[in-house]
1. Test GLY197 against the stated conditions and say whether it is farther than 27 Å from PHE158 by Cβ, surrounded by 15 or more Cβ atoms within 10 Å (Cβ to Cβ), among the small types (Gly, Ala, Ser) and in contact with a helix residue (DSSP H, G or I) (Cβ under 8 Å, 6 or more places away or on another chain).
2. Filter region 333-392 down to residues that are polar (S, T, N, Q), over 24 Å from the mean Cα position of the chain (by Cα) and open to solvent by 60 Å² or more (accessible area, probe 1.4 Å) and give me whichever is modelled with the lowest pLDDT.
3. Pull up region 594-641, narrow it to residues that are open to solvent by 20 Å² or more (accessible area, probe 1.4 Å), outside any loop (DSSP other than H, G, I, E, B) and of a type in the set (Ser, Thr, Tyr), then point me to the one that is farthest from LYS213 (Cα to Cα).
4. Check off (1) farther than 30 Å from THR156 by Cβ; (2) part of a strand (DSSP E or B); (3) not aromatic (Phe, Trp, Tyr) for SER580 and give me the number that stays unchecked.
5. Right, GLY87: closer than 21 Å to ALA531 by Cβ, open to solvent by 10 Å² or more (accessible area, probe 1.4 Å) and free of Cβ contacts under 8 Å to residues at least 60 places away in the same chain or not?
6. Count, please, the residues in region 449-479 that happen to be in contact (Cβ under 8 Å) with a residue 24 or more places away in the chain and assigned to a loop (DSSP other than H, G, I, E, B).
7. Step by step: first the residues of region 393-404, then only those that are among the small types (Gly, Ala, Ser) and out of contact with any Lys or Arg (no Cβ under 7 Å at 6 or more places or on another chain), then the one that is modelled with the lowest pLDDT. Which residue is that?
8. Can GLN483 be described as without any contact (Cβ under 8 Å) to a residue 24 or more places away in the chain and open to solvent by 70 Å² or more (accessible area, probe 1.4 Å)?
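The values are calculated or read from the model by the stated rules, or taken from the named source; none is laboratory data. All values derive from a computational prediction rather than experimental measurement. Cβ placement follows ideal geometry from the backbone for every residue including glycine, while neighbour counts extend to all protein chains displayed. SASA here: full protein model, heavy atoms, side chains in, ligands and nucleic acids out. Shrake-Rupley method; radii C 1.70, N 1.55, O 1.52, S 1.80 Å.
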Amino acid sequence: MLTPMLAMSASAIVPDSVHTLQSVIVTASSRLSTMRAGSPLQFFTSKDLQRMGVADVAEAVKHFAGVQVRDYGGIGGLKTVGVRGLGAMHTGVSYDGVMIGNSQSGQVDISRFALDNISLIWLSIGQQDDIFVSARQYASAATLNIETLPILSDSTKFIANVRTGSFGLLSPSTLWVQPVGKRAVVSAFANWERADGNYPFTLYNGVQRIHTKRYNSDVSIWRAELNASYLLAQGHTLRAKLYGFSSKRGIPGGIVYDNPYSAERLTDRNAFVQLSYEGKLSDAWLMKAAAKWNYQWNRDFNRDAAREKIDKFRQNETYATATAMWKITHGLRIALAQDFMHNFLSTTLANCPYPTRNSWFTSLAAVYEWKNLKLNASVLNTILNESVRTGSEGNDCHRLSPSLSLTWQLSGNLRLRASYKDIFRVPTLNDLYYLLIGNTNLKPEKTKQWNLGLTWNKHVSPIVDYISFTADAYYGNVHDKIQAVPTMFIWKMKNIGRVRMKGVDLTAGAQLLWQRDWSTFVQLSGSWIQAQDRTNRQDLFYGDQLAYTPQYSASGSVSLHTPWVDVAYNLLFTGRRYSSGYNSADTRMPSFTDHSVSLSRQWHQWRLQLDLRNLGGNNYEVVRFYPMPGFNWRATLTYQL
């Protein structure tokens, strides 16, 4: 968590008398720094997202350098995050400091999260600087962290907003924070979102232009959270969270042979409860622990020309973690974390093996700071045991994964950073057991990453408040890549792949303070990546770019604050890429640019925002045959007490 409780006591001594003041509880948030981080780190606060006119998590993440968001079109479409060509299964997602698990598919649909109660979104690639975290935080090549609004408060707070827009969008939400006595605070958040999603689009079949609408893209979502925080004693805090999510949505299919028909319906239900403790045992020792129970249920209904098919999936996850950090000296800290996770999957599919996975994660990490040098090292020990009720189980796994990073202040505000991370991702339960394609002999997919970068920032003048710049070059290898390959009569999951990645990520930012109530904020990012298949020199696609990995991508955001209205312009560019690992003219997808403008006005407790999106009206495809909406609008009215 990024919001530790800090305790402070004060006393005043006067000759001939002693007066002891009451203890004062001070709350503070650890400040993220993209400049001092040993590995690439990017973040947006709620104010940044508000200023940019961003209204969903996927839209925000697209502005991070080195990120590929797969968007399957429309409000009901799946949205997953991949980093530097590694794919969504190598990206972990953390929600309020606790990792979100999905042992079945290995990837998290980030469209399930609403921005209305989010205070911070940040992405770390490779080794992260904060060692006071759970062991599972080290278990991914990159981690997307989502932090909700802190509930610590000394007064009642109430925030309500309603959002509407194109294609039947309606989304009201409320957030209520209430102190209870002097030690406890509770909060409640609720959100409902619906849309029909039937947007018009244009596609080409050869030289023939076809106008039609997107069908089966409707969505109805409920989200709710109940949070409580209790101050046990100075420096000791207990927190509880109850989360619920329910959605019913259509899954828009690919527009193949000009056929927009899709009848697949997906019902998702997710609930979890977690309890966490964080405390300062002494000046040298910090302790945190958490326990979580997570339940996921999915119903997949589909109707084609032959029949109707209904599949149901149920996942149970039990998770516990404990971390202790020892401040040995002023510049040296050591942290030890132990996690345990139990996963169980049941389905209505024929011959379901009912797999169970028990996982143990142990991490040992250290940070040393001396003058202009900062070193960060860790090692993660992972043990996984598989068992099934029927059939054969997958292979057990035991592996050590080291990581290392350093930052060195060269001069002034110029810093050099370097990092290395050795990590892997285990086969998902789908990879191992799904129908006939599963393969219980799969090995983990191993990844090695190297990064070398420079960061620089400076306060230039009263007008140019700051300028910042980061440049990172990276190199990576993936071995034993898990791929589906054809065998005699069926497809089968196998370890046959090797991938080499190399690239450059650039970011720049500036803030200009013209005069009172006049300011400009600029945020830019750009990426170049070469992610090539290096499996077999005899293959026709040897050396080709990975599917859906553009060589060039960029984003930009410029916002102007005035006494009357705030204006923001956002740009997203994705270069040419291929829909298959075999790069040919038939699989080539054109580049596209998405422009949007946001206008907002704040007065007293009210705020009104209007977003004009995809100004070019282009039905571009992020995933082939899944056209995105053309021009659309969105309006949000917010009241805060």
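1. Here the answer is yes, as GLY197 does meet what is asked.
2. Top of the filtered list is ASN351.
3. TYR639
4. (2) is the only condition that SER580 fails.
5. Numbers: closer than 21 Å to ALA531 by Cβ: yes; open to solvent by 10 Å² or more (accessible area, probe 1.4 Å): yes; free of Cβ contacts under 8 Å to residues at least 60 places away in the same chain: yes.
Yes.
6. Taking region 449-479 and keeping what is in contact (Cβ under 8 Å) with a residue 24 or more places away in the chain, we get 449-458, 462-479.
Going one step further and asking which of them are assigned to a loop (DSSP other than H, G, I, E, B), we end up with 462-463.
Of the residues in that region, 2 qualify.
7. So the residue we want is GLY394.
8. Details: without any contact (Cβ under 8 Å) to a residue 24 or more places away in the chain: yes; open to solvent by 70 Å² or more (accessible area, probe 1.4 Å): no.
No.
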